[in-house]
RNA sequence: GCCGGGAUGGCGGAAUGGUAGACGCGGCGGACUUAAAAUCCGCUGUUAGAAAUAACGUGUGGGUUCGAGUCCCUCUCCCGGCACCA
């Protein structure tokens with residue numbers, strides 16, 4: 001190393017702090033730019049994956065700042081969550097001390113990256129000055145009817161000993177620990193995200209987000225148009241008079257030969273006959289206790305049991321036997337399915353197994369008379385048969401006519417159903433925000449008064465998981481009195497999902513120190529929405545969807561006036577090691593510190609940006625990192641060594657022109673690449689340019705003034721990527737003001753333009769020669785020059801020219817017979 | 001099963017329908033050095049050739065085009081998402 005990176009890193013990080021270079025001024029009159037990167041969970045070690053997420057984001061934010069924006073690029077810690085609790089249980093330390101010690105360590109490591117975070121704005125969600133506002137926002141949502149308690153069947157992770165949101169289930173397994181989940185009926189807190197399903201779907205069209213994320217959110221919301229049909233059970237003598245089903249195929253209504261209720265369906269016990277009770281109860285119990293993976297595996301044989309009762313298909317008055325089966329799930333649509341075995345493969349399999357009649361009602365041909373036995377369900381389109389007045393109708397048509405018939409009869413209606421469920425936010429764990437509600441036997445649910453917030457998380461809880469919240473066993477916390485009637489009452493003891501914290505943290509950055517409100521409305525008005533968000537795609541249907549919902553809900557409550565939190569989104573890839581995600585438990589964490597110590601922060605930053613497109617991520621491999629160290633070394637040499645040009649040569653103006661041309665080409669390329677997160681090619685362009693400068697220096701034919709100015713411009717372009725070495729060299733070149741206060745250079749297309757270009761000569765599309773011609777020559781001239789080429793002549797021998805295709809400044813293709 | 005994205009040298013990767021392999025790593029050869037490291041110079045897709053050059057070459061097979069890594073169709077494999085969703 002020709003320069004001492006450790007010395008320079010420390011020198012400038014210190015100097016920038018002293019100068020307040022990265023303080024963000026809310027009153028700055030420059031246009032604002034809010035560039036946000038997802039805040040990390042303080043797991044203890046900043047690994048190379050964190051750098052991969054943060055260093056390029058920092059370079060981009062710096063680039064925006066150099067374009068003249070007032071840039072807010074904050075950092076904080078997603079400090080509540082299970083790992084702290086698990087680590088605490090394992091090691092006997094308190095989650096708070098574990099978390100705070102980790103934050104301490106991570107903050108130091110993040111500072112070593114040389115980022116522009118304004119640490120005065122840091123947020124830590126696990127501190128009362130943050131979670132107080134979680135509680136306050138919860139109460140606002142509660143007042144608005146968007147937070148409610150309900151008995152819906154919840155997803156339960158047997159290992160984490162808590163309920164989860166549907167979004168936290170990946171292929172039937174807990175997102176965090178991979179344990180197969182089960183469903184339990186529990187009384188839990190939900191947020192009404194489904195009320196916003198349509199808006200979430202529709203307004204995503206206007207976001208500058210990757211298509212795949214928008215698609216994932218669309219699929220997750222899963223809006224489906226169909227028909228709700230009610231089947232008559234009034235003969236059963238119970239309160240409910242019908243079973244409602246949702247179907248996308250109302251055209252097959254005459255083909256219904258059975259009804260299936262989900263094992264959790266509320267009507268199930270009421271519709272089970274005495275004779276069938278034992279069989280049904282045992283089936284239901286088994287089904288409910290199975291994990292989703294077992295239960296929803298598509299390759300198992302259909303199972304089920306008859307309830308012994310029937311319902312009436314009102315359209316034709318047929319008696320339809322009722323079954324229960326685990327292929328019908330309670331958490332989608334109405335939890336009941338009309339069985340049309342002739343036209344649905346699942347129903348077909350069920351009917352075959354239980355010897356239920358299969359009645360065909362759609363035929364591929366119009367003149368169809370006789371029902372043959374179907375080998376499998378016919379799911380194609382065709383014409384209705386066995387359907388009374390609708391016979392002969394095209395089935396797509398019949399979907400509408402049957403639906404309107406049902407509507408006018410009051411037996412059904414056209415409707416929509418959604419896959420998305422309301423967001424379950426209760427967690428039976430300790431290390432989270434206490435839900436600020438009091439349960440009173442007289443008054444029911446009573447919100448904690450605002451001036452009593454925060455409801456503090458007690459320090460001395462026994463947090464070993466037991467299936468109920470640790471706070472439930474904390475008498476002092478649990479026992480309180482009702483704010484409204486003053487009788488003894490108890491506190492809600494569940495805590496909030498940590499995605500609650502991250503749904504609004506970006507608002508808090510604008511006024512993180514404020515203790516009289518969740519945020520300063522003026523500042524939020526100034527900074528929001530986030531102009532550019534960067535982070536991993538794994539949050540597509542969790543954090544990103546929740547945050548969008550939050551903003552819309554808070555807008556409707558009157559706390560905000562924006563519709564969307566994040567205007568632009570960029571998903572960077574992930575650095576993996578040994579083929580999987582880096583994690584402490586897997587023991588494959590790559591620590592950046594040794595690299596930083598050996599090579600300096602700039603080398604690590606630059607290398608991470610150079611290895612490939614940012615969205616790609618990839619396997620960690622340090623084989624090329626020395627190449628970056630060598631390059632920065634060469635730059636050090638280039639700038640610090642007196643050029644000593646031979647100013648007497650006559651070629652001087654020409655070389656100057658060449659330098660200028662290459663410089664302007666490079667500015668254009670680097671500007672456009674940084675603008676669109678293409679750091680790898682921006683760095684490649686800077687490398688090419690520095691290689692050119694080295695060649696030029698060897699000639700000694702240039703004006704020293706041009707040389708120095710060119711070096712300075714080059715350093716400015718490199719400074720968002722490698723902030724320390726460029727600042728040092730900037731100082732060495734005699735500059736007094738920080739390089740990071742300079743504007744990004746602009747280019748001039750006419751200076752960048754080449755006057756001599758290589759023209760590719762092809763014969764029948766194969767390259768035969770490249771000739772240097774003046775830029776912009778016309779076809780005739782190009783043709784003449786091309787035909788003069790000996791190699792071209794050789795290939796033309798004995799052939800006649802059919803056609804010549806000329807593309808100016810690119811190619812000339814001679815087509816011969 | 002459905003919906004996305006992808007497959008380019010030994011490796012990471014680059015290429016508005018117009019020179020495939022920029023840039024970097026690694027490798028080979030050379031200079032400097034007592035030597036090594038560092039640094040510098042040259043070569044480096046495959047095959048043939050001393051070279052000029054030629055043929056071949058972007059997962060498979062076809063197509064459109066003067067011209068295809070790029071556009072269209074087929075298949076294979078890999079990655080991500082969803083999935084007994086009614």
Starting from the range A:141-158, take each residue that is on the phi > 0 side of the Ramachandran plot and list its partners that are modelled with pLDDT of 85 or more and crowded, with 16+ Cβ neighbours inside 10 Å, counting only C-beta distances under 8 angstrom and pairs at least six apart or across chains. A:145/A:192
Can you find, within the range A:147-167, the residue that is farthest from RNA strand B (Cβ to nearest atom) among those that are over 17 Å from residue A:290 (Cβ atoms) and in a loop (DSSP other than H, G, I, E, B)? A:161
Looking only at residues in the range A:1-16 that are within 16 Å of RNA strand B (Cβ to nearest atom) and in contact with a helix residue (DSSP H, G or I) (Cβ under 6 Å, 6 or more places away or on another chain), which one is farthest from residue A:109 (Cα to Cα)? A:2
Test result for residue A:750, surrounded by fewer than 18 Cβ atoms within 10 Å (Cβ to Cβ), under 50 Å from the mean Cα position of the chain (by Cα) and more than 16 Å from RNA strand B (Cβ to nearest atom): yes
Filter result (in a loop (DSSP other than H, G, I, E, B) and either in contact with a helix residue (DSSP H, G or I) (Cβ under 8 Å, 6 or more places away or on another chain) or near RNA strand B (Cβ under 6 Å from one of its atoms) (or both)) within the range A:345-359: A:356, A:357, A:358, A:359
Check whether at least one residue in the range A:667-677 is at pLDDT 95 or above, farther than 22 Å from residue A:712 by Cα and crowded, with 19+ Cβ neighbours inside 10 Å, and report yes or no. yes
If you check residue A:319 against the conditions, is it away from RNA strand B (no atom under 15 Å from the Cβ), part of a loop (DSSP other than H, G, I, E, B) and either closer than 29 Å to residue A:240 by Cβ or under 42 Å from the mean Cα position of the chain (by Cα) (or both)? no
So, of the residues in the range A:232-255 that are more than 42 Å from the chain's Cα centre (by Cα) and more than 13 Å from residue A:271 (Cα to Cα), which turns out to be farthest from RNA strand B (Cβ to nearest atom)? A:254
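For every residue, the table says whether it meets (1) without any contact (Cβ under 8 Å) to a residue 12 or more places away in the chain; (2) in contact with a strand residue (DSSP E or B) (Cβ under 6 Å, 6 or more places away or on another chain); (3) buried (at least 24 other Cβ atoms within 10 Å of the Cβ).
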{"position": "A:24", "(1), (2), (3)": "no, yes, no"}
{"position": "A:32", "(1), (2), (3)": "no, yes, no"}
{"position": "A:61", "(1), (2), (3)": "no, yes, yes"}
{"position": "A:66", "(1), (2), (3)": "no, no, no"}
{"position": "A:74", "(1), (2), (3)": "no, no, yes"}
{"position": "A:79", "(1), (2), (3)": "no, yes, yes"}
{"position": "A:84", "(1), (2), (3)": "no, no, yes"}
{"position": "A:91", "(1), (2), (3)": "yes, no, no"}
With the checklist (1) touching a strand residue (DSSP E or B) at 6+ places or on another chain (Cβ under 7 Å); (2) surrounded by 21 or more Cβ atoms within 10 Å (Cβ to Cβ); (3) part of a loop (DSSP other than H, G, I, E, B) in hand, flag the one item residue A:334 doesn't pass. (2)
For the range A:399-409, state whether one or more residues are on the phi > 0 side of the Ramachandran plot and either surrounded by 18 or more Cβ atoms within 10 Å (Cβ to Cβ) or in contact (Cβ under 8 Å) with a residue 12 or more places away in the chain (or both). no
For residue A:137, state whether it is surrounded by 20 or more Cβ atoms within 10 Å (Cβ to Cβ) and more than 16 Å from RNA strand B (Cβ to nearest atom). yes
Residue A:651 meets each of (1) modelled with pLDDT under 90; (2) within 13 Å of RNA strand B (Cβ to nearest atom); (3) over 25 Å from the mean Cα position of the chain (by Cα) with one exception, condition (2)
From A:363, A:369, A:330, A:325, which residue is at pLDDT below 90, within 16 Å of RNA strand B (Cβ to nearest atom) and in the same structural domain as residue A:256 (by TED's automatic domain parsing)? A:330
Restricting the range A:578-603 to residues that are within 14 Å of RNA strand B (Cβ to nearest atom) and outside any loop (DSSP other than H, G, I, E, B), the residue that is nearest to the chain's Cα centre (by Cα): A:581
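Examine the range A:9-32 for a residue that is outside any helix (DSSP H, G or I) and within 30 Å of residue A:494 (Cβ to Cβ), and state whether such a residue exists.
Among the residues of the range A:9-32, not one is outside any helix (DSSP H, G or I) and within 30 Å of residue A:494 (Cβ to Cβ), which makes the answer no.
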Can you name the residue in the range A:796-805 that is closer than 14 Å to residue A:766 by Cα and within 56 Å of the chain's Cα centre (by Cα) and is also farthest from RNA strand B (Cβ to nearest atom) among such residues? A:804
Assuming residue A:443 fulfils every condition listed in (1) farther than 22 Å from residue A:128 by Cβ; (2) within 33 Å of the chain's Cα centre (by Cα) apart from one, which condition is it? (2)
Would you check which residues across the range A:400-424 are under 30 Å from residue A:541 (Cβ atoms) and touching a helix residue (DSSP H, G or I) at 6+ places or on another chain (Cβ under 7 Å) and list them? A:413, A:414, A:418, A:419, A:420, A:421, A:422, A:423
Can you pull out every residue in the range A:201-238 that is surrounded by fewer than 14 Cβ atoms within 10 Å (Cβ to Cβ) and under 16 Å from residue A:567 (Cα atoms)? A:202, A:205, A:206, A:208, A:211, A:212
Of all residues in the range A:296-314 being modelled with pLDDT of 80 or more and within 16 Å of RNA strand B (Cβ to nearest atom), which is surrounded by the fewest Cβ atoms within 10 Å (Cβ to Cβ)? A:301
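What number of residues within the range A:678-705 are assigned to a loop (DSSP other than H, G, I, E, B) and either at pLDDT 90 or above or under 46 Å from the mean Cα position of the chain (by Cα) (or both)?
So the answer is 1.
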Which count do you get for residues in the range A:616-645 that are in contact (Cβ under 8 Å) with a residue 40 or more places away in the chain, more than 8 Å from RNA strand B (Cβ to nearest atom) and farther than 14 Å from residue A:51 by Cα? 9
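A quick yes/no check of all residues on (1) closer than 22 Å to residue A:5 by Cα; (2) in contact (Cβ under 8 Å) with a residue 24 or more places away in the chain:
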{"site": "A:689", "(1), (2)": "no, yes"}
{"site": "A:698", "(1), (2)": "no, no"}
{"site": "A:710", "(1), (2)": "no, yes"}
{"site": "A:725", "(1), (2)": "yes, yes"}
Flag for residue A:545 being assigned to a helix (DSSP H, G or I), crowded, with 17+ Cβ neighbours inside 10 Å and in contact (Cβ under 8 Å) with a residue 24 or more places away in the chain: yes
Among (1) in a loop (DSSP other than H, G, I, E, B); (2) out of contact with any helix residue (DSSP H, G or I) (no Cβ under 6 Å at 6 or more places or on another chain); (3) crowded, with 20+ Cβ neighbours inside 10 Å, where does residue A:113 come up short? (2)
Looking at (1) closer than 18 Å to residue A:336 by Cβ; (2) more than 15 Å from RNA strand B (Cβ to nearest atom), which is the one condition that is false for residue A:278? (1)
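The values are calculated or read from the model by the stated rules, or taken from the named source; none is laboratory data. Model, not experiment: these values are computed from the prediction. Ideal geometry is used to build each Cβ from the backbone, glycine not excepted, and the neighbour counts take in all protein chains shown.
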